[in-house]
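Below: the structure, in structure tokens.
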Amino acid sequence: MSTIPLLFKRSTEHFRMRPALIEPAANDTMSILTYQELQERVQRFAGYLQQQDVQKGQRVMIWSASCSNWLVAYFGSLLLGLAVVPLDVHTKEDFLHRLLDVTDAKYLITTQKNYESLKDLSIPFIDIHALPEAALDMARLPTVEENDLAELVFTSGTTGQPKGVMLSHHNIASNALASVERVKISSQDRSLSILPLSHMLEMTIEIALLHAGASIVYAGSLVPDTLFKLLTTQNVTLMVLVPQALQLFMNGIEREVRRQKREKAWKVLHKVAAYVPFKWRHLLFRSVHERFGGHFRLFVSGGAYLSPTLGHTWEQMGFRILQGYGATECAPVISVNPLNDHTLESVGIPLEGISVRINEDGEILVHGPNVALGYWQNPDATAAAFRDGWYATGDLGYLDKHHNLYLKGRKKNLIVLANGMNVYPEDVENVLQNQSGVKEAVILGISENNHGPTVHAILLMEDASQAKMAVQQANRLLAPHQQIKGYTLWPEKDFPRTHTLKVKRQEVFDTLPVIRQK
């Protein structure tokens with residue numbers, strides 16, 4: 001039983017002088033905060049908020065790319081019993097305004113550039129790159145309970161009612177502790193952070209890393225040369241990422257193989273590796289391991305579907321791949337492959353303390369200390385998804401006799417892109433249907449060339465010649481991950497519908513290949 005501030009306090013006591021956070025600084029140097037220095041920064045920022053007379057239970061927003069000060073602001077806010085509302089760095093202004101209305105947030109912690117880009121905003125601003133500080137009065141600290149709200153995580157749609165997942169301290173802390181045990185994180189680990197801290201997978205794993213006394217290295221840039229430099233100079237041992245990033249790393253490695261004209265040798269090494277024990281495979285691919293710094297031990301992949309072929313290719317090279325499965329409503333980790341004796345076709349075994357069962361319709365249900373409190377000010381949505389302590393994931397799957405969990409697909413129509421971002425089709429459809437000439441639109445995730453789903457529009461047009469312009473106009477209003485990558489004109493006068501006039505999405509999806517071949 002724990003709260004996040006208590007976990008952090010214990011870590012500081014055990015690992016006081018060890019490096020906690022590392023990030024690139026000026027003149028090609030690295031800024032390092034020890035656990036003690038991080039704690040002092042957290043307390044001084046909390047002291048500033050305390051002087052502003054914030055009250056336990058109030059909300060603050062953090063809207064920024066990942067950096068050391070992100071965690072300083074996060075831990076400082078939680079120390080005072082505030083709830084953090086994390087925003088993706090690509091959040092659109094209209095969505096931000098709606099969240100301000102819904103949450104009544106007291107502060108917006110962001111960059112000066114982000115704040116100056118906003119219009120008609122009255123919320124007080126705190127510059128994340130220059131966090132204000134003051135002495136903290138420890139006697140005035142509120143008592144933070146494990147069931148208090150720690151984070152309020154919203155879906156990043158553009159229209160409709162935002163849905164905020166309420167995660168308690170116990171939800172997140174218990175999930176972090178269980179993750180430490182499964183992934184076997186230790187104080188000797190160094191993690192290169194490339195996922196945003198607004199993503200619950202990254203946040204929970206970073207809390208897990210700090211609990212174990214490990215170090216976190218912030219990339220500051222996703223440029224491959226920058227990442228490889230940090231991997232080699234900072235003795236990185238692990239990374240948490242989405243499958244798309246694993247594929248990008250592999251693409252870079254294979255480009256170098258082609259540049260050196262070593263394709264035949266590359267194929268031979270992979271064939272040989274299949275017969276070599278895992279612990280010796282790094283010797284076959286010594287140059288690749290040197291590119292990763294020579295200390296790297298594992299990837300944790302989550303947020304989207306990992307192709308078993310891609311996973312096996314990495315493991316043949318001596319890189320351990322642990323695939324995980326989760327949901328924001330589960331803080332977020334539900335299952336992860338164990339370090340040894342795992343199958344990459346599965347998304348792992350449920351973490352300690354988490355129960356998974358399969359409903360009659362094949363839907364995955366989850367019960368445990370990580371299951372969220374519900375949805376913010378939305379009792380209907382809460383009642384629909386949370387029943388008797390069980391969360392209905394909306395995913396279809398099954399468990400084998402060893403309790404390995406396998407996914408079969410989405411129960412609903414949520415599109416999960418290869419980079420782990422979620423696209424809600426209704427949001428895109430609402431934008432499209434406001435464009436000139438569009439009578440109606442259906443958005444589906446279409447997978448092509450095994451690169452994961454892309455956003456595809458099926459359009460019912462008044463004038464077919466206006467379709468391209470309508471898509472272009474809609475894309476200007478949509479977030480980057482919601483961009484429409486392709487479209488098809490529906491040939492009939494109307495979509496197939498139910499008796500309640502809802503579009504039969506499955507029928508549209510099934511008919512689409514026939515239409516596109518004509």
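The values are calculated or read from the model by the stated rules, or taken from the named source; none is laboratory data. Since the structure is predicted, the reported quantities are computational estimates derived from the model, not experimental observations. Cβ: placed from backbone, ideal geometry, glycine included. Neighbour counts: every protein chain shown.
Which residue out of 266, 280 is surrounded by fewer than 14 Cβ atoms within 10 Å (Cβ to Cβ), over 27 Å from the mean Cα position of the chain (by Cα) and of a type outside the set (Ser, Thr, Tyr)? It would help to see each step written out before you state the result.
Working: 266 fails: surrounded by fewer than 14 Cβ atoms within 10 Å (Cβ to Cβ).
Going through 266, 280 in turn, the sole match is 280.
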Inset, instruction - Can you confirm whether the range 62-69 contains a residue that is within 18 Å of residue 206 (Cβ to Cβ), part of a helix (DSSP H, G or I), small (Gly, Ala, Ser) and in contact with an Asp or Glu (Cβ under 9 Å, 6 or more places away or on another chain)? - result: yes
Legend entry - Residue in the range 173-189 that is nearest to residue 323 (Cα to Cα), counting only those that are in contact with a Gly (Cβ under 9 Å, 6 or more places away or on another chain) and charged (D, E, K, R): 182
Legend entry - Residue list for the range 190-200, filter: in contact with a Gly (Cβ under 8 Å, 6 or more places away or on another chain), among the aliphatic types (A, V, I, L, M) and surrounded by fewer than 24 Cβ atoms within 10 Å (Cβ to Cβ): 195
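If we scan the range 48-59, do we find a residue that is among the aromatic types (Phe, Trp, Tyr) and either under 24 Å from residue 217 (Cβ atoms) or at pLDDT below 95 (or both)?
Here is the first cut: in the range 48-59, the residues among the aromatic types (Phe, Trp, Tyr) are 48.
Filter again for either under 24 Å from residue 217 (Cβ atoms) or at pLDDT below 95 (or both), leaving none.
No.
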Inset, instruction - Hey, can you tell me all the residues within the range 291-340 that are farther than 17 Å from residue 394 by Cβ, touching a residue at least 24 places away in the same chain (Cβ under 8 Å) and assigned to a helix (DSSP H, G or I)? - result: 291, 308, 310, 311, 312, 313, 314, 315, 316
Inset, instruction - All but one of (1) assigned to a helix (DSSP H, G or I); (2) closer than 28 Å to residue 424 by Cβ hold for residue 162, so report the exception by its number. - result: (1)
Inset, instruction - Tell me which residues, restricted to the range 93-142, are under 17 Å from residue 53 (Cα atoms) and free of Cβ contacts under 8 Å to residues at least 12 places away in the same chain. - result: 138, 139
Inset, instruction - Quickly run through the range 326-353 and pick out the residues that are under 16 Å from residue 372 (Cβ atoms) and either of a type outside the set (Val, Ile, Thr) or more than 20 Å from the chain's Cα centre (by Cα) (or both). - result: 326, 327, 329, 330, 331, 332, 351, 353
Legend entry - Qualifying helices (runs of 4 or more DSSP H) (wholly inside the range 194-260; at least 3 residues being under 26 Å from residue 347 (Cα atoms) and at pLDDT 90 or above): 200-211, 243-259
